[in-house]
Amino acid sequence: MVWIHNVSKLFRLYRRPADRVLEALPFYPKRHHVDFWALRDINLTVERGEILGIVGPNGSGKSTLLQIVSGILRPTTGRVVAEGRIAALLELGAGFNPEFTGRENVIMSGEIMGLSRREIEGALPRVEAFADLGDFMGRPVKEYSTGMYVRLAFATAIHAEPEILVVDEALAVGDAIFASRCVRKFEELKQRGVTILFVSHDLGLVKRLAHRAVLLVEGRVQAEGSPSEVVNRYVGMVLARQQAEGEEESKEGLRGSYRHGDGTSKIERVELLDECLRPTRTVTCGEVVTVRVRALFRRDSGQPVVGVLVRNRQGMDVYGTNTRLEGRHLGVFRKGDRLQIEFRFECRLAQQEYTLTVATQHWDGSSQDWLDDVLSFRVVDQKGGTGVVNFETDIRWWRVAR
């Protein structure tokens with residue numbers, strides 16, 4: 001089990017390295033740092049065989065908590081008691097020597113975790129099979145891609161026969177095949193009664209794997225309980241914050257990651273609406289959604305084109321269309337005219353985060369106003385499929401006679 005009692009963590013933030021030296025000098029009594037409490041009064045108990053999912057916005061202290069549980073950081077106040085061998089997968093490739101081969105790093109990591117040479121040699125074939133790196137197991141890890149680092153680190157951690165596994169966003173990097181393999185391994189560890197603490201922004205994964213969940217906000221526990229209740233609380237908090245940001249955007253104007261165009265028209269408003277035509281940032285897979293765009297024409301325009309584009313979190317274009325492709329001719333707009341248009345479709349995207357790009361264009365494809373990633377949203381799905389799309393599938397089967 002893991003027992004976390006009144007744990008707080010203070011970091012001293014300095015504007016420049018020289019301030020640390022000045023503060024240490026006796027004739028410079030002025031304080032040169034700012035106190036930042038990453039964690040405040042955390043009390044948690046994780047029983048043997050329990051899986052605890054930790055969710056929360058960036059900067060809420062999730063990774064700091066896992067580092068304290070793993071023994072990498074010491075708490076400023078409070079203490080942590082962990083009964084059993086801990087395997088941690090935190091920072092990418094942490095503990096790996098870049099000059100060593102993948103195989104040598106597995107052996108070194110096993111020895112650090114207290115495994116005997118016989119245990120390491122017995123686990124090595126399973127690690128290699130799970131990581132599936134082929135000949136790269138014999139190459140220095142400095143030659144590895146980010147995904148290859150994750151494969152090796154995760155395979156090493158879970159095959160060390162840990163009694164406590166601590167994982168920080170292990171599935172955020174890597175392809176869908178490896179992510180699915182990791183989920184199956186989590187299920188196996190769950191059946192074996194391994195205690196697991198994991199941080200994930202994949203809320204569906206938290207619901208699927210965790211027995212209990214915790215919501216951290218600004219270093220404090222804001223909610224604790226069943227995964228569904230905690231995730232719903234978190235989603236509600238995110239939606240409220242996004243609504244406030246949307247109201248602020250309406251005052252300041254739309255902002256995207258990149259905006260370009262000749263200015264013939266200007267996009268004034270972009271909304272993602274649910275089936276009841278209410279603004280939303282969370283969509284259930286299979287739900288009919290509407291993208292509503294409003295534009296003001298600053299110059300006359302004949303046959304303008306409006307388009308939408310959906311990208312996943314890796315920046316890959318997963319769906320895009322426009323009025324010209326759909327055979328809709330919008331006619332002529334004069335200076336000062338406004339256009340409001342809606343794209344309505346059944347959202348069959350797989351569960352993850354996406355961004356929406358919108359554009360007004362001339363008939364030849366040149367941009368009037370193009371807004372990259374103007375709006376972000378999340379697709380949730382109870383089924384938990386992999387990939388980028390989630391087709392509605394009809395399965396038929398029958399027994400074949402010999």
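Structure summary
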read-out: Identity of the residue in the range 306-320, loosely packed, with under 14 Cβ neighbours inside 10 Å and in contact with a strand residue (DSSP E or B) (Cβ under 8 Å, 6 or more places away or on another chain), that ends up modelled with the lowest pLDDT; value: R313
read-out: Check on Q368, farther than 24 Å from G263 by Cα, of a type outside the set (D, E), crowded, with 16+ Cβ neighbours inside 10 Å and not assigned by TED's automatic domain parsing to the domain that holds S180; value: no
read-out: Unmet requirement for D364, which otherwise passes all of (1) touching a strand residue (DSSP E or B) at 6+ places or on another chain (Cβ under 8 Å); (2) closer than 26 Å to G302 by Cβ; value: (1)
read-out: The range 79-96, subset farther than 14 Å from L152 by Cβ and crowded, with 17+ Cβ neighbours inside 10 Å, residue modelled with the highest pLDDT; value: V80
read-out: Filter result for the condition that a residue is more than 18 Å from K266 (Cα to Cα), of a type in the set (G, A, S) and in contact (Cβ under 8 Å) with a residue 12 or more places away in the chain, over G320, G336, G307; value: G320
read-out: So A179, is it touching a His at 6+ places or on another chain (Cβ under 9 Å) and assigned by TED's automatic domain parsing to the domain that holds S228; value: no
read-out: Members of the range 282-305 found to be crowded, with 19+ Cβ neighbours inside 10 Å and assigned to a loop (DSSP other than H, G, I, E, B), listed by number; value: C285, P304
read-out: Filter result (at pLDDT 85 or above, more than 15 Å from A87 (Cβ to Cβ) and either surrounded by 19 or more Cβ atoms within 10 Å (Cβ to Cβ) or out of contact with any strand residue (DSSP E or B) (no Cβ under 8 Å at 6 or more places or on another chain) (or both)) within the range 127-143; value: E128, A129, L133, G134, D135, F136, M137, V141, K142, E143
read-out: All positions within the range 194-240 that are assigned to a strand (DSSP E or B) and of a type in the set (S, T, Y); value: T195
read-out: Matching option when the condition is among the aliphatic types (A, V, I, L, M), closer than 24 Å to L209 by Cα and touching a residue at least 40 places away in the same chain (Cβ under 8 Å), among V388, V374; value: V388
read-out: From D41, D35, residue being under 16 Å from V214 (Cα atoms), of a type in the set (D, E) and loosely packed, with under 15 Cβ neighbours inside 10 Å; value: D41
read-out: Matching helices (runs of 4 or more DSSP H) fully within the range 33-147 where at least 3 residues are in contact with a helix residue (DSSP H, G or I) (Cβ under 9 Å, 6 or more places away or on another chain); value: 102-112, 117-131
read-out: Verdict on N6 being part of a strand (DSSP E or B) and either in contact (Cβ under 8 Å) with a residue 24 or more places away in the chain or not assigned by TED's automatic domain parsing to the domain that holds G147 (or both); value: yes
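The values are calculated or read from the model by the stated rules, or taken from the named source; none is laboratory data. Note that the structure is predicted; figures quoted are calculated from it, not measured. Reconstructed Cβ throughout: ideal geometry from the backbone, glycine too, with neighbour counts over all protein chains shown.
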